[in-house]
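Below: one structure, written as structure tokens.
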Amino acid sequence: LKSQLNPHFLFNSLNVLSSLIKHDSDKAQYFVDEFSSVYRYTLDVIEKPVVELREEINFAKSFLYLHKIRFDNAVDMEINVDASKLNYLVPPLAIQTLLENAFKHNRASVDNPLKINIYDEDDVLVVINNLQPKIKGDDSKGVGLNNLRKRYELLGEKLPLFSVTEKEYIAKIPLINPE
């Protein structure tokens, strides 16, 4: 996980912050708060095998807020997870892996926003994004998704499923019952 943390995210966030400081100090302050929340969470959970879905959802909200600022509101996000599932468990940074994947492979603009939908379905968390492939060639090696799959294997749980339709990328990660 440590090697998976993307230094580009750090540098991009610092560039966004630098710009905000010059143009909107109130938004810059909120950005710093969310940015520190993202990194604090990352450091707190990196050695844990699982975390509550509630924590992951809160982290995802902060993480996506930073991207909304970076991409000038060219990201639409909807989270609809049943409250009864929030105590279920997932590997730490599982949702972040899927969100990073969406940003890495897709364009986002105000006219054509990247749309991300997160919801539960039975004992699975579904993360869907619309497909708007970047023009440059795909240099992906699948490290993040393979890492996520291996973490589920170590937990002895059902494995995540990843699929692509004509319009969407769909990830389904098992929710682990805490009982």
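Quick one: grab the alpha carbon gyration tensor of region 64-151, order the square roots of its eigenvalues as a ≥ b ≥ c, and give me rounded if a/c is under 1.5, else prolate or oblate depending on whether a/b is larger than b/c.
Values: a/c = 2.25, a/b = 1.31, b/c = 1.72.
Oblate is the answer for region 64-151, as a/c is 1.5 or above yet b/c matches or exceeds a/b.
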| said: Can you compute the modelled spin-label distance between Ser19 and Glu179, with each label point 7 Å from Cα toward Cβ, in nm? | reply: 4.9
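Is the chain rounded, prolate or oblate when judged by the Cα gyration tensor, a ≥ b ≥ c being the square roots of its eigenvalues, rounded requiring a/c under 1.5 and prolate requiring a/b larger than b/c?
Values: a/c = 1.64, a/b = 1.32, b/c = 1.24.
It comes out prolate by the Cα gyration axes.
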| message | Can you give me the angle between helix 53-70 and the longest principal axis of the chain, using Cα atoms only, in degrees from 0 to 90, rounded to the nearest 10? | response | 30
| said: Between Val32 and Glu121, what is the label-point separation in nm under the 7 Å Cα-to-beta-carbon projection? | reply: 4.2
| Which FRET efficiency value, to the nearest 0.05, do you get for Leu86 and Lys167 by plugging their Cβ-Cβ distance into 1/(1 + (r/R0)^6) with R0 = 22 Å? | 0.15
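Just the number, please: carbon plus sulfur as a percent of the accessible area of the chain, 1.4 Å probe, no ligands or DNA/RNA counted.
Details: 5100 of 10080 Å².
Carbon plus sulfur share of accessible area: 51 percent.
From the Cα gyration tensor of region 28-96, with a ≥ b ≥ c the square roots of its eigenvalues, which class applies: rounded if a/c is under 1.5, or else prolate if a/b is larger than b/c, or else oblate? Write out the running numbers ahead of the final one.
Numbers: a/c = 2.44, a/b = 1.38, b/c = 1.77.
Judged from the Cα gyration tensor, region 28-96 comes out oblate (a/c at least 1.5, b/c at or above a/b).
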| With the chain treated as a Gaussian network of Cα nodes joined by springs under 10 Å, which of Gln132, Gln96, Gln29 yields the largest mean-square fluctuation? | Gln29
| query | Just from its helices, what would the mean residue ellipticity at 222 nm be for the chain, if runs of 4 or more DSSP H residues each count -39500 (n - 2.57) and the sum is divided by every residue, rounded to the nearest 500 deg cm²/dmol? | reply | -15000 deg cm²/dmol
| note | Probe 1.4 Å, heavy atoms of protein chains only: per residue, the accessible area of region 66-140 in Å² is 48
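The values are calculated or read from the model by the stated rules, or taken from the named source; none is laboratory data. Treat the numbers as computed from the prediction; the structure is a model and nothing was measured. When we count neighbours, we look across all protein chains shown, and the Cβ atoms used for this are built from the backbone with ideal geometry, even at glycine. Quick note on the areas: whole protein, heavy atoms, side chains included, nothing else; ligands and nucleic acids left out. Shrake-Rupley method; radii C 1.70, N 1.55, O 1.52, S 1.80 Å.
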